[in-house]
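Quick notes on the structure that follows.
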Amino acid sequence: AQSVTQPDIHITVSEGASLELRCNYSYGATPYLFWYVQSPGQGLQLLLKYFSGDTLVQGIKGFEAEFKRSQSSFNLRKPSVHWSDAAEYFCAVGLMDSSYKLIFGSGTRLLVRP
Amino acid sequence: EPEVTQTPSHQVTQMGQEVILRCVPISNHLYFYWYRQILGQKVEFLVSFYNNEISEKSEIFDDQFSVERPDGSNFTLKIRSTKLEDSAMYFCASSGDRGTGGEQYFGPGTRLTVT
C-alpha cells in the first residue's frame with residue numbers, strides 16, 4: 001500500500017540555521033511529490049512539487065527539495081530559517097490512479113528558536 | 001490570485017444532526033476533493049469528484065457522507081447524521097490539470113465540532 005513517512009514529529013532549529021525535513025514514501029511507480037505547509041488554524045499551502053525532470057526542485061519562501069529515487073525520499077531543505085517558518089509541514093504523494101488523490105505523511109512541526 | 005473558499009469556517013452541531021459544508025473551487029478547475037484532519041492527526045483523503053460523479057472514495061466515506069456539485073461553482077459535502085468522531089477540520093481542494101501531476105489547491109478549511 002502507498003504510504004508516506006515523516007520520521008520527525010517535531011524539529012527545533014535556531015533562526016538563521018539550516019533546515020532539513022525528512023520524507024520517505026512507498027509507491028510502486030514514479031510518484032508525484034509535494035510539500036505543503038500549514039500554519040496554526042490555517043489551510044494547506046503548497047511549497048513545492050516534483051513531477052519529473054530535475055530532481056532538485058525550488059519552491060516558495062526559499063525552500064527546496066530533492067527527489068532521490070534510490071532512497072525513496074523527498075527531503076525538504078532551507079538554508080536559513082526565519083521565525084515565520086514555524087509551522088507544520090506535510091509531505092504528500094500524488095497517486096496516478098483514477099482520482100489523483102494525495103496521501104499525506106503525519107507531518108513535522110517546526111519550532112524556531114529566536 | 002484565484003483561491004478555494006470554504007464556508008462556514010467553524011460549524012458546531014449536535015450529534016445526529018445533518019451538516020452541509022460548502023466549497024467554491026477555483027473556477028476553471030475540473031477535479032474536486034474533500035479531505036479531513038482530526039485534531040493532531042494527518043490529513044486524510046475522503047472523496048474525489050470529476051465530471052459530476054465520484055471518482056474515488058475512501059473507507060471513511062460511508063453512507064453518511066455525500067457530495068454534490070449543485071451548480072457551476074459550489075461543491076458540497078453533506079454528513080447526514082453526525083457522530084462525535086466526525087469532529088475534524090474538513091478541507092476542500094481543487095485541481096485543474098492532471099498533466100501537471102494533479103496539483104491541488106486547498107481551501108482554508110471548515111472546523112466541524114460535533115457535541
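The values are calculated or read from the model by the stated rules, or taken from the named source; none is laboratory data. Everything numeric in this text was worked out from a predicted model, so none of it was measured. Don't worry about glycine lacking a Cβ; one is built from the backbone with ideal geometry, like all the others, and counts go over all protein chains shown.
Would you pick out the residues in segment B:41-66 that are closer than 14 Å to B:Asp86 by Cβ and among the aromatic types (Phe, Trp, Tyr)?
Those that are closer than 14 Å to B:Asp86 by Cβ and among the aromatic types (Phe, Trp, Tyr): B:Phe61, B:Phe65.
Which one is surrounded by the most Cβ atoms within 10 Å (Cβ to Cβ) among residues in segment B:32-59 that are among the basic types (Lys, Arg) and in a strand (DSSP E or B)?
B:Arg36
Looking only at segment A:23-43, which residues are within 15 Å of A:Leu110 (Cα to Cα) and assigned to a strand (DSSP E or B)?
If the condition is that a residue be within 15 Å of A:Leu110 (Cα to Cα) and assigned to a strand (DSSP E or B), then A:Trp35, A:Tyr36, A:Val37, A:Gln38 are the ones that fit.
So which of B:Phe106, B:Phe91 ends up being at pLDDT 95 or above and within 17 Å of A:Lys101 (Cα to Cα)?
Residue meeting the stated conditions: B:Phe91.
Could you list all residues from segment A:92-114 that are more than 7 Å from chain B (Cβ to nearest Cβ) and either over 15 Å from B:Gln41 (Cβ atoms) or touching a helix residue (DSSP H, G or I) at 6+ places or on another chain (Cβ under 8 Å) (or both)?
A:Val93, A:Leu95, A:Met96, A:Asp97, A:Leu110, A:Leu111, A:Val112, A:Arg113, A:Pro114
Would you be able to say whether some residue in segment B:60-83 is part of a strand (DSSP E or B) and within 12 Å of chain A (Cβ to nearest Cβ)?
Within segment B:60-83 (the criterion being part of a strand (DSSP E or B) and within 12 Å of chain A (Cβ to nearest Cβ)), the answer is no, since none of the residues qualifies.
Checking B:Glu56 against (1) within 14 Å of chain A (Cβ to nearest Cβ); (2) acidic (Asp, Glu); (3) within 11 Å of the chain's Cα centre (by Cα), which single condition isn't satisfied?
(3)
State yes or no: is A:Ser39 surrounded by fewer than 18 Cβ atoms within 10 Å (Cβ to Cβ), within 11 Å of chain B (Cβ to nearest Cβ) and either out of contact with any strand residue (DSSP E or B) (no Cβ under 7 Å at 6 or more places or on another chain) or in contact (Cβ under 8 Å) with a residue 40 or more places away in the chain (or both)?
On the way: surrounded by fewer than 18 Cβ atoms within 10 Å (Cβ to Cβ): yes; within 11 Å of chain B (Cβ to nearest Cβ): yes; either out of contact with any strand residue (DSSP E or B) (no Cβ under 7 Å at 6 or more places or on another chain) or in contact (Cβ under 8 Å) with a residue 40 or more places away in the chain (or both): yes.
Answer is yes for this residue.
I'd like the residue in segment A:43-88 that is hydroxyl-bearing (Ser, Thr, Tyr) and within 16 Å of A:Ser3 (Cα to Cα) and, out of all such residues, is surrounded by the fewest Cβ atoms within 10 Å (Cβ to Cβ).
A:Ser72
Which of the residues belonging to segment B:27-53 are touching a Gly at 6+ places or on another chain (Cβ under 8 Å) and more than 9 Å from chain A (Cβ to nearest Cβ)?
If the condition is that a residue be touching a Gly at 6+ places or on another chain (Cβ under 8 Å) and more than 9 Å from chain A (Cβ to nearest Cβ), then B:Asn28, B:His29, B:Leu30 are the ones that fit.
Would you tally the residues in segment B:84-115 being exposed (fewer than 13 other Cβ atoms within 10 Å of the Cβ), within 14 Å of chain A (Cβ to nearest Cβ) and in a helix (DSSP H, G or I)?
The number of residues fulfilling the criteria is 2.
From B:Thr5, B:Thr100, grab the single residue that is modelled with pLDDT under 90, within 21 Å of A:Leu102 (Cα to Cα) and among the hydroxyl-bearing types (Ser, Thr, Tyr).
Exactly one of B:Thr5, B:Thr100 is modelled with pLDDT under 90, within 21 Å of A:Leu102 (Cα to Cα) and among the hydroxyl-bearing types (Ser, Thr, Tyr), namely B:Thr100.
In segment A:69-83, which residues are on the phi < 0 side of the Ramachandran plot, among the small types (Gly, Ala, Ser) and outside any strand (DSSP E or B)?
The answer is A:Ser70, A:Ser80.
Answer with yes or no whether A:Asp54 is at the interface with another protein chain (Cβ under 9 Å from one of its Cβ atoms), over 12 Å from the mean Cα position of the chain (by Cα) and either of a type in the set (Asp, Glu) or not in a loop (DSSP other than H, G, I, E, B) (or both).
Taking the combined requirement at face value, the residue does not satisfy it.
From the list A:Glu88, A:Glu20, A:Glu66, pick out the single residue that is within 12 Å of chain B (Cβ to nearest Cβ), in a strand (DSSP E or B) and of a type outside the set (A, V, I, L, M).
Matching residue, one of A:Glu88, A:Glu20, A:Glu66: A:Glu88.
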